[in-house]
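Scroll down for the structure; my scribbles are underneath it.
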Amino acid sequence: MIERTRHRSIEIYEATRIRTEMFLGPRSPETSDVLHFDGEKLEVRRMTWVPALWTCVRELIDNAVDELVAHDHGDTLSVSYDPKTMVVTVEDNGHGLPLDEMPSVGKGPAASILLARAFSGDNFDADRVSMASMNGVGASMVNFTSEYFELEVYGRRSSDGAHKKFLQRWEEGVYGGKPIHKTRGPVISQGDKARHGTKVTFKPSTKVYPDMELPAEFVLSRLWEIAVANPKLHVHFNGNRLRPARTRDVIKSTYFQGRDVAVVPVDDTYLDFHARFYMVPGFLEAGMHIHTLVNNIATLRGGMHEDVFLAHFLTHATESLEKQAERVGAKLRRDDITNGLLIFGSVQMREPVFDSQAKVYMTRDVRAHFKAGLDPFTIGSAFRRNPEWAKAIIESARSRTEQSERRAVKKRQRKLATTRVAKLSDANGKDRAQCTLFLMEGDSAKSNFPPARDPERHGFLPLRGKIMNVHRASLRKVMASEPLSDIMTAVGLRIGERPENLRYGKIFITPDEDEDGKNICAQCVDYLYWFWPDLFRQRAPVVYKFNTPFVVLSKPNARQYIYADDYAEFQSNLAGYKGWDIRRAKGLGSLEPEDWEYALAHPRLTPIVDDGRLGEALDLIFNPTRADDRKEWLADE
């Protein structure tokens with residue numbers, strides 16, 4: 001049988017000092033980005049602090065604000081703090097803690113018990129509506145972990161109505177090798193009739209807190225949050241009054257004056273839940289920061305309220321902006337919306353629930369409140385009222401999508417550079433500037449054109465399938481188009497690079513001489529101009545339309561050719577061609593080798609160059625967003 005000799009029972013005072021983390025949070029320094037406001041500038045600043053030390057200060061502030069706001073007793077909160085000495089004072093001008101003995105609490109003045117005995121106070125009243133918590137341990141835990149803790153109360157004693165001053169001091173000590181909680185007082189004396197309220201001064205114990213780090217700026221910022229969330233309060237820090245803006249929306253005017261801000265309210269009146277979320281685009285260089293208050297408490301690690309709001313906001317924001325993104329060929333992602341965004345939220349609710357006494361994460365499920373109190377229309381209207389924000393989001397999506405596509409394109413182009421174009425019949429000449437690539441509509445010419453061409457100078461590439469409209473098309477889709485990829489690879493073009501050191505000096509677009517052929521020619525030109533406009537700005541033209549015979553006239557020992565430009569004159573003089581066999585060259589496949597030989601020996605070329613209006617003309621024809629402009633143009637024609 002194992003003898004257990006190490007078990008012992010300890011009092012709450014010693015337990016609190018040994019297991020401080022259970023009650024007040026971590027005692028090790030924590031570094032994080034937090035919202036900081038000094039009265040003039042709001043910024044996200046990286047700070048280091050000991051969470052348990054801040055919990056000590058905040059617990060006393062919570063008690064004071066509860067008295068001033070929840071009970072509507074008094075209007076002034078004063079806090080002083082010296083980070084060198086670590087001495088903190090929190091004072092309010094409420095009614096003051098009760099000085100009479102309360103049988104439900106214990107013997108002696110109630111004020112003594114409420115701040116020196118755990119699990120005591122009105123938080124355990126079933127009818128009590130708490131602003132911050134329901135466990136009643138905060139202030140006593142601060143007392144237990146302090147080097148000293150002084151309580152001053154100024155108020156009436158209900159037993160006789162007399163104004164009294166109450167003073168009691170607790171100190172840490174050691175007796176018999178064990179920590180003890182020493183006290184002096186209470187001392188009750190005649191008070192000043194003009195003064196009332198509660199004042200607590202304490203100094204955290206170095207025996208409990210080996211790290212004493214709590215920046216004054218951190219405390220100041222949290223007090224500003226109380227001031228802006230409760231504009232009727234007079235909040236002081238180290239003797240200076242914090243003066244938020246005196247406007248209808250105090251938070252917006254104090255923190256975000258001069259900035260574009262969208263406000264989304266959440267009001268579940270039936271269940272007494274009210275929140276306002278302020279979205280400030282472009283506040284950060286990158287990333288997102290969300291900072292919220294729940295009943296004046298900064299939930300520094302977030303909580304259900306932040307998660308639920310963010311989910312609603314991003315869902316409805318995406319729905320509002322998705323179509324705009326699609327119009328510019330961008331795929332919207334949620335980080336396009338949140339990048340650079342600050343979200344500041346202020347929530348007022350009944351009986352919040354936190355993960356611990358540190359109160360940095362709110363755990364209460366609030367989904368029902370948001371379902372009842374959040375109107376999705378307000379999120380959509382936030383972008384309508386802030387069009388520059390919406391524009392910046394779309395631009396971010398477009399830029400990111402484009403960068404992603406360019407990376408994919410470069411990868412695809414590297415692969416294509418080592419891949420043979422299956423349908424290309426390449427020219428063999430070493431002087432590539434003297435080589436010409438014929439882009440031919442379909443496969444119909446591949447049997448009769450090769451015998452007529454000069455293999456040293458002439459290459460040809462049959463184009464099968466529809467040539468896609470590259471306007472507003474993603475680069476991924478362009479690269480996935482086999483005809484377009486074949487053209488790019490055959491010529492030696494690379495998207496995003498200037499057309500230099502090409503495999504062909506000239507490009508002859510050679511379609512059928514019909515309406516479909518005209519469309520294919522225009523689409524090829526649009527593709528080449530969209531990505532490589534320099535091809536059309538050379539001194540010597542690079543891109544041509546190669547015109548093939550429109551009508552072939554033949555006799556046993558003679559042939560003549562009529563081109564499309566001459567067709568009207570030909571028709572008006574048909575009698576002059578009596579005895580000739582007249583054949584309409586419906587497509588490239590109807591041209592025989594000797595017809596190709598003639599066409600190559602007597603080329604009818606239409607050079608395609610940029611006269612300064614080519615880009616606009618192509619945009620008018622192919623831009624899918626300019627349908628009305630095309631209708632107007634066609635009507636004028």
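The values are calculated or read from the model by the stated rules, or taken from the named source; none is laboratory data. In this text, all values refer to a predicted model and were calculated from it rather than measured experimentally. Virtual Cβ from ideal backbone geometry, glycine too; neighbours counted across all protein chains shown.
May I ask you to say which residue of Thr31, Thr76, Thr48 is over 26 Å from Gly173 (Cβ atoms), touching a helix residue (DSSP H, G or I) at 6+ places or on another chain (Cβ under 8 Å), at pLDDT 95 or above and among the polar types (S, T, N, Q)?
Thr76
Inspect all residues belonging to segment 483-500 and state whether any of them is at pLDDT 90 or above, touching a Gly at 6+ places or on another chain (Cβ under 6 Å) and not β-branched (Val, Ile, Thr).
Scanning segment 483-500 turns up at least one residue that is at pLDDT 90 or above, touching a Gly at 6+ places or on another chain (Cβ under 6 Å) and not β-branched (Val, Ile, Thr).
Among the residues of segment 534-543, is any surrounded by fewer than 17 Cβ atoms within 10 Å (Cβ to Cβ), over 56 Å from the mean Cα position of the chain (by Cα) and among the acidic types (Asp, Glu)?
No - not one qualifying residue is present in segment 534-543.
For segment 499-538, what are the residues that are in a helix (DSSP H, G or I) and polar (S, T, N, Q)? Outline the logic, then answer.
The initial filter retains those residues of segment 499-538 that are in a helix (DSSP H, G or I), namely 515-531, 533-536.
Answer for segment 499-538, where residues must be in a helix (DSSP H, G or I) and polar (S, T, N, Q): Asn519, Gln523.
State which residue is surrounded by the most Cβ atoms within 10 Å (Cβ to Cβ) when the search covers only segment 414-442 and only residues that are touching a residue at least 24 places away in the same chain (Cβ under 8 Å) and among the hydroxyl-bearing types (Ser, Thr, Tyr).
Thr436
Quick grid of which residues meet (1) out of contact with any helix residue (DSSP H, G or I) (no Cβ under 6 Å at 6 or more places or on another chain); (2) touching a residue at least 24 places away in the same chain (Cβ under 8 Å); (3) not charged (D, E, K, R):
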residue: Asp454; (1), (2), (3): yes, yes, no
residue: Arg464; (1), (2), (3): yes, yes, no
residue: Glu497; (1), (2), (3): yes, no, no
residue: Ile520; (1), (2), (3): yes, yes, yes
residue: Leu535; (1), (2), (3): no, yes, yes
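Please indicate, with yes or no, whether at least one residue in segment 371-394 is charged (D, E, K, R) and part of a loop (DSSP other than H, G, I, E, B).
Quick first cut of segment 371-394, residues charged (D, E, K, R) only: 371, 375, 384-385, 388, 391.
Checking the rest, the ones that are also part of a loop (DSSP other than H, G, I, E, B) come to 375.
Yes, the conditions are met somewhere in segment 371-394.
Filtering segment 473-519 down to residues that are farther than 21 Å from Thr606 by Cβ and among the basic types (Lys, Arg), which residue is nearest to the chain's Cα centre (by Cα)?
The extreme case among them is Arg476.
Go over the candidates Asp211, Asp272 one by one and state the one that is in the same structural domain as Ile337 (by TED's automatic domain parsing) and either within 26 Å of Trp49 (Cβ to Cβ) or modelled with pLDDT under 95 (or both). Show your work before the answer.
Working: Asp211 fails: in the same structural domain as Ile337 (by TED's automatic domain parsing).
The match here is Asp272.
May I ask you to verify whether Phe354 is touching a residue at least 60 places away in the same chain (Cβ under 8 Å), among the aromatic types (Phe, Trp, Tyr) and crowded, with 20+ Cβ neighbours inside 10 Å? If you could, list the steps in order and put the result at the bottom.
Details: touching a residue at least 60 places away in the same chain (Cβ under 8 Å): yes; among the aromatic types (Phe, Trp, Tyr): yes; crowded, with 20+ Cβ neighbours inside 10 Å: yes.
Yes, satisfied.
Go over the candidates Ala325, Ala397 one by one and state the one that is among the aliphatic types (A, V, I, L, M), surrounded by 15 or more Cβ atoms within 10 Å (Cβ to Cβ), farther than 27 Å from Asp249 by Cβ and under 14 Å from the mean Cα position of the chain (by Cα). Show your work before the answer.
Numbers: Ala325 fails: under 14 Å from the mean Cα position of the chain (by Cα).
It is Ala397.
Test Lys391 against the criterion of being surrounded by 12 or more Cβ atoms within 10 Å (Cβ to Cβ), without any contact (Cβ under 8 Å) to a residue 60 or more places away in the chain and not assigned by TED's automatic domain parsing to the domain that holds Glu500, and give yes or no.
On the way: surrounded by 12 or more Cβ atoms within 10 Å (Cβ to Cβ): yes; without any contact (Cβ under 8 Å) to a residue 60 or more places away in the chain: yes; not assigned by TED's automatic domain parsing to the domain that holds Glu500: yes.
Yes.
Within segment 478-497, identify whether any single residue is surrounded by fewer than 21 Cβ atoms within 10 Å (Cβ to Cβ), in a loop (DSSP other than H, G, I, E, B), touching a Ser or Thr at 6+ places or on another chain (Cβ under 9 Å) and hydrophobic (A, V, I, L, M, F, W, C), and answer yes or no.
Checked against the condition, which is being surrounded by fewer than 21 Cβ atoms within 10 Å (Cβ to Cβ), in a loop (DSSP other than H, G, I, E, B), touching a Ser or Thr at 6+ places or on another chain (Cβ under 9 Å) and hydrophobic (A, V, I, L, M, F, W, C), segment 478-497 yields no hits at all.
So Met22 ticks every box in (1) part of a helix (DSSP H, G or I); (2) surrounded by 21 or more Cβ atoms within 10 Å (Cβ to Cβ); (3) aliphatic (A, V, I, L, M); (4) modelled with pLDDT under 95 but one. Which box is left unticked?
(2)
May I ask you to say which residue of Gly589, Gly612, Gly579 is touching a residue at least 24 places away in the same chain (Cβ under 8 Å), of a type in the set (Gly, Ala, Ser) and assigned by TED's automatic domain parsing to the domain that holds Met479?
Numbers: Gly612 fails: touching a residue at least 24 places away in the same chain (Cβ under 8 Å); Gly579 fails: assigned by TED's automatic domain parsing to the domain that holds Met479.
Being touching a residue at least 24 places away in the same chain (Cβ under 8 Å), of a type in the set (Gly, Ala, Ser) and assigned by TED's automatic domain parsing to the domain that holds Met479 holds for just one of Gly589, Gly612, Gly579, which is Gly589.
What number of residues within segment 403-431 satisfy the criterion of being outside any loop (DSSP other than H, G, I, E, B) and under 22 Å from Lys506 (Cβ atoms)? Talk me through it step by step, then tell me what you get.
Restricting attention to segment 403-431, the residues satisfying the condition of being outside any loop (DSSP other than H, G, I, E, B) are 403-417, 425.
Now restrict to residues that are under 22 Å from Lys506 (Cβ atoms): 416-417, 425.
Here the count works out to 3.
Tell me whether segment 474-495 contains one or more residues that are over 30 Å from Ala330 (Cα atoms), of a type in the set (Lys, Arg), touching an Asp or Glu at 6+ places or on another chain (Cβ under 9 Å) and assigned by TED's automatic domain parsing to the domain that holds Glu616.
Quick first cut of segment 474-495, residues over 30 Å from Ala330 (Cα atoms) only: none.
No.
Can you name the number of the only condition in (1) touching a residue at least 40 places away in the same chain (Cβ under 8 Å); (2) crowded, with 17+ Cβ neighbours inside 10 Å that Arg195 fails?
(2)
List the pairs whose first member sits in segment 281-295 and is over 16 Å from Lys41 (Cα atoms), whose second member is assigned to a loop (DSSP other than H, G, I, E, B) and among the acidic types (Asp, Glu), and whose Cβ atoms are under 8 Å apart, counting only residues at least 6 apart or on separate chains?
Between residues of segment 281-295 that are over 16 Å from Lys41 (Cα atoms) and residues that are assigned to a loop (DSSP other than H, G, I, E, B) and among the acidic types (Asp, Glu), the close pairs are Pro281/Asp260.
Of the residues that make up segment 350-366, is at least one of a type in the set (Lys, Arg), part of a helix (DSSP H, G or I) and modelled with pLDDT of 90 or more?
Here is the first cut: in segment 350-366, the ones of a type in the set (Lys, Arg) are 350, 359, 364.
Okay, now just the ones that are also part of a helix (DSSP H, G or I), so none.
Among the residues of segment 350-366, not one is of a type in the set (Lys, Arg), part of a helix (DSSP H, G or I) and modelled with pLDDT of 90 or more, which makes the answer no.
Count, please, the residues in segment 83-115 that happen to be touching a residue at least 40 places away in the same chain (Cβ under 8 Å) and closer than 27 Å to Leu220 by Cα.
The qualifying residues number 15.
Take segment 539-569 and flag every residue that is in a helix (DSSP H, G or I) and either under 22 Å from Leu600 (Cβ atoms) or acidic (Asp, Glu) (or both).
Let us first name the residues in segment 539-569 that are in a helix (DSSP H, G or I), namely 564-569.
Within segment 539-569, Ala564, Asp565, Asp566, Tyr567, Glu569 meet the criteria.
Against the conditions (1) buried (at least 18 other Cβ atoms within 10 Å of the Cβ); (2) under 28 Å from Arg45 (Cα atoms), where does Gln168 fall short? Just the number, please.
Tallying (1) buried (at least 18 other Cβ atoms within 10 Å of the Cβ); (2) under 28 Å from Arg45 (Cα atoms), Gln168 fails exactly one: (2).
Mind telling me which of the residues Ser158, Ser133, Ser120 ends up being assigned to a loop (DSSP other than H, G, I, E, B), surrounded by fewer than 17 Cβ atoms within 10 Å (Cβ to Cβ), at pLDDT below 85 and not acidic (Asp, Glu)? It would help to see each step written out before you state the result.
On the way: Ser133 fails: surrounded by fewer than 17 Cβ atoms within 10 Å (Cβ to Cβ); Ser120 fails: surrounded by fewer than 17 Cβ atoms within 10 Å (Cβ to Cβ).
Result: Ser158 is the single residue among Ser158, Ser133, Ser120 that is assigned to a loop (DSSP other than H, G, I, E, B), surrounded by fewer than 17 Cβ atoms within 10 Å (Cβ to Cβ), at pLDDT below 85 and not acidic (Asp, Glu).
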